Each structure stands twice: as C-alpha cells, then as structure tokens.
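The structure under discussion appears below in the form of structure tokens.
The values are calculated or read from the model by the stated rules, or taken from the named source; none is laboratory data. Keep in mind it's a predicted model, so treat the numbers as computed, not measured. Every residue, glycine as well, gets a Cβ built from its backbone with ideal geometry; the counts of neighbours run over all protein chains shown.
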Amino acid sequence: MFVHKIGSSYRICAAQATGFGQFLYNPLIVHMIFLSMAKSARLSYLMATDTEGKDLQQADYFEQLHAWYQTDLGQYVYRAEAGELEHCLPDFVGYHIVQVGGGTDLAWLAPSPIRQRTLINHQQANGVLGQQIAASFMRLPLQPNSVDVVLLPHVLEFVEAPEVVLQQAAQALIASGRLLILGFNPGSLWGVARWFKGSGGGMPWNGCFHSLYRIRRWLAKLDCTIDSYKVFCYRVPRQSPSMQEHWSYMDSLGQTIWPTLGGIYLIVARKSLTPVDPVPVRQTLQSIPAKGRIIEPTTRS
C-alpha cells in the first residue's frame, strides 16, 4: 500500500511537470530517488553514525548552530521543535530540568512546569533567566541522580564522543528521569543533502547525523528505554522562504505517506530503576553563578 501511494504520487507529479527541471526538483520525486538509492546501495549512514565532520572546537560548532537558527531554514526548524517540546514538557514534573547546549537561552524549557532550570553551555549568555554553568559538554558538571529531565538539542551531532555525553546525562538523571534528544535524521531529505554537501557544506551539514537505530543502541547500554519518538520537518531543506512556503504541504503529507522520513526527530527516553554504573564526573572548568551552585541530589518525600 505504501509503495502504491508513492508510485501514484510519482505518476501524478510527472504528468503535471512542465519541464525536466520542475520534475527533478519536485520533493516527491526526490524522495523516490532517495528511497531507490537507499534500497539499491544500502547506504550505511541510515543505520550507523556518519563519522565525517570538520575538526573544529565544539564551541565553534555551537556558535554556528546558534547563528543557523537565525536563518529562514533554522527558524522553520526552531518553530517545529519548540512546538513538539510544548506538547511533551508539561507532562514531566520534578525539581530540576537541565538543557545542554542548543543556543543561548532557555526558551525551549518555557512550557515545563519545573521551576529550577539550568543551562549548560560553552560560554556565558546574557539575559538568561535561570542558572548557567559554563562547561565542556564532554564533562557535564552534574551530580549523579540529581536531575529530573535533561534536554539535548542537537548536541550529539557536534561532539567528539556522543556516547560519553549520553552516559553523563543518564548518570545525572534520577530513576525514571527523562532524557529528551533532538537530532537531525540521516534517513531523510536532510540526510540526502548532508550526503551531497559533505562536511564542508556548513551548518548543519558539518555535523554527524545519528540514526534512531544508533541512538536506541546507545541508550540501551545505559539502561534507558525509549518511551516515544516523533519525526517531523518534511520540507526540502532549502533556505529560500518562497520555497519553504511552496513545500509547506510536505509537513502534513509526510506524516501520512512517509512518517519516519522527516528531517528532525525528538526522542523521549526514560532511565530505568536499575542505576547506571557510576562514572567519575569532573568539576566544571568555569562556573557562572546565576543562582548558585552545581545541582546536587535532592531528598524526595
């Protein structure tokens, strides 16, 4: 049934095209090409980590990511991601929520009912309401079993050892705490664009896109299970506002025809009751005291 629907759309689009260029750039045709490539060549990046990327300092990557979010394409992604977080964050309660990276503010956490909010970033940001900690993402300055929710917005794509970041985030969570991961989906048009542009294509194409399959394997090793995941952002990744508007129908159509091929995913994982083996956590290189200190475990009644 799925192949039949795609095939029908292919014939309709081909019949309506007025020239070869319009036919080639039709998003449905691009999806057909992508699926054909994935089936015939069995592209390894769909089920594993892409290990390419520029050898830049992590801070440079996240400065670029923050700048990219100000572009037309970045704003489209930001609005979609904020919308998904607005749906799920109100369901998670507790005492402490932490955002690692993802820009220079805590706007993503606004829908959360948790009052104690902390931003861990590479450098200080002005005007942030909440506690800030300047630290390397490879050495999260969080005490074990001290945080209810951790949000990792596009962090794993731009760190040298994403497994280490996940391990430390899982260690910081309390039992049954939630780990939220925003990532670029390699099994999508965004993955195709990344494949053609290469690591020199700029942000976000210079990151390492990780598949849902790989994230699931990493989480399983940390005694974390995926409660749910959502895939979204089906438009062709082009910066042109007119093209974004032209392809706006792809977001609703994609949910029906190819629900797993969106450009962005949101994973909600839960830490099991079995504690993760303790891993030494080093003190942050620099603390920025907005409201105090490193988060410590709390006693719950």
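Select from segment 164-198 the residues that are farther than 17 Å from Asp227 by Cα, of a type outside the set (Gly, Ala, Ser) and part of a helix (DSSP H, G or I) and list them in ascending order.
The answer is Val164, Val165, Gln167, Gln168, Gln171, Leu189, Trp190, Val192, Arg194, Trp195, Phe196, Lys197.
Take the conditions within 18 Å of the chain's Cα centre (by Cα), at pLDDT below 95 and of a type in the set (D, E, K, R) and apply them to Arg178. Does it pass? Show your work before the answer.
On the way: within 18 Å of the chain's Cα centre (by Cα): yes; at pLDDT below 95: no; of a type in the set (D, E, K, R): yes.
Judged against the criteria, Arg178 is not a match.
From the list Gly202, Gly198, Gly183, which one is within 24 Å of Tyr78 (Cβ to Cβ), of a type outside the set (D, E, K, R) and either surrounded by fewer than 17 Cβ atoms within 10 Å (Cβ to Cβ) or at pLDDT below 90 (or both)?
Numbers: Gly198 fails: within 24 Å of Tyr78 (Cβ to Cβ); Gly183 fails: either surrounded by fewer than 17 Cβ atoms within 10 Å (Cβ to Cβ) or at pLDDT below 90 (or both).
One residue alone meets the criteria, Gly202.
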